[in-house]
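Inspection log for the structure reproduced underneath, given as structure tokens.
Just so it is clear, none of the values below were taken in a lab; they were calculated from the coordinates. All figures in this text were calculated on a predicted structure; none of them were measured in a lab. Glycine also receives a Cβ, built like all others from the backbone with ideal geometry; neighbour counts cover every protein chain displayed.
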Amino acid sequence: MVKNMPKILVVDDELDILEIIRHALNKEGFEVHVAANGFQALEQTRNVKPDLILMDVMMPVMDGMEACRQLKEDSDTKNIPIVFLTARSEEFAELAGFEAGADDYISKPIRPRVLMSRLKAILRRRNAIQSTPHESIDFGDLKIDRERFVVEFKGKTLQFPRKEFELLSFLASRPGRVFSRDEILENVWGNEVLVVDRTIDVHVRKIREKLDEGFIYTVKGVGYKFEPA
């Protein structure tokens, strides 16, 4: 194992899948930890503090969706990228995963090269964001603290999953500027991360719910823009 390589937590109740993924990750030098269900994933995440979680959706005791929701609601774990593994490829299942706070979605059967490419892309983007100079954006009732990944609205501190925070921060970086869907996907998710067409809409809707339906506006046929209240 290469020193200081990222720690990956793999969560799946199928031992053969765990071994395939563990072998692929070990070959790349990653530090690999495993769990057999969502409940174990919560415990392992708090103990290990992984850099990324690769998690099956359908599992006993606690499924991946619920585990993801709980991790994204916890201020100590909300910024850990979570990639779902599932044999279900329907769009509604993918949207449900993004609703729960997932960063990406990989369908079984696992193809090691594709898996490694996607995981490395997510980790590169995470490192790039963490190394970017931080600043706070103040719009009166709305404050976005990029250093602490905190959003304050009307005096209250709000919990934003990492992707929602990145999307809001990106749009707010240029108030009034209309961003196309392609620009948003490239800057928030990255070119190598595959997401369904409605992923942006899901995240925008969740942000609007938290900000009383203000700040983010749809420009029909183009994309979205941020306008201070």
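With viscosity set to 1.306 mPa s and temperature to 10 °C, compute the Stokes-Einstein D of segment 1-75, Rh being the Kirkwood radius across alpha carbon pairs; µm²/s, no decimals.
After rounding, the answer is 128 µm²/s.
If the cut-off is a Cα-Cα distance under 27 Å, which lysines reach LYS225, setting aside same-chain residues fewer than 8 apart in sequence?
Here the lysines satisfying the reach criterion relative to LYS225 are LYS72, LYS78, LYS143, LYS154, LYS156, LYS163, LYS206, LYS210.
Okay, which of segment 135-150 sit inside 17 Å, backbone N to the point 7 Å along the Cα-Cβ direction of ASP212?
139-144
Where does each of ASP182, ASP104, ASP74 land when they are ranked from fewest to most other beta-carbon atoms within 10 angstrom?
Ascending number of Cβ neighbours within 10 Å: ASP182, ASP74, ASP104.
Please express the Cα-Cα pair-distance distribution P(r) of the chain as a list of whole percents, one per 10 Å bin, running from 0 to the bin with the greatest distance.
Taking all Cα pairs of the chain, the binned fractions are 7, 33, 36, 18, 5, 0 percent.
Can you compute the modelled spin-label distance between ARG205 and ASN47, with each label point 7 Å from Cα toward Cβ, in nm?
Distance between label points: 3.8 nm.
First measure r as the distance between the Cβ atoms of ALA229 and ASP182, then evaluate 1/(1 + (r/R0)^6) with R0 = 25 Å and state the FRET efficiency to the nearest 0.05. Walk me through the numbers before you get to the answer.
Values: r = 27 Å, r/R0 = 1.10.
E(calc), rounded to 0.05, equals 0.35.
Contact order normalised by length for the chain, with contacts defined as Cα pairs under 8 Å and 6 or more residues apart; what percent is it? Provide the component values of the computation, followed by the final result.
On the way: 364 pairs, mean separation 33.2, N = 229.
Value for the chain: 15 percent.
Could you work out how much longer the chain between THR157 and GLU28 gets when fully extended? Use 0.36 nm per residue separation minus the Cα distance between them, nm to one decimal.
The THR157-GLU28 span can extend by a further 42.5 nm.
Note down the nm distance, to one decimal, between modelled labels 7 Å out along Cα→Cβ at ILE106 and at ARG124.
Roughly 1.5 nm, to one decimal.
What number, rounded to the nearest 500 deg cm²/dmol, is the helix-based mean residue ellipticity at 222 nm of the chain, given -39500 (n - 2.57) per DSSP H run of at least four residues and division by all its residues?
On the way: 8 runs with 91 residues, N = 229.
Per the formula, -12000 deg cm²/dmol.
Can you tell me how segment 7-130 classifies by the Cα gyration tensor, rounded, prolate or oblate, using a/c under 1.5 as the rounded cut?
rounded
Would you report the distance distribution of C-alpha pairs in segment 133-226 as whole percents per 5 angstrom bin, up to the bin with the largest distance?
Using 5 Å bins, I get a P(r) of 2, 13, 26, 27, 19, 9, 3, 0 for segment 133-226.
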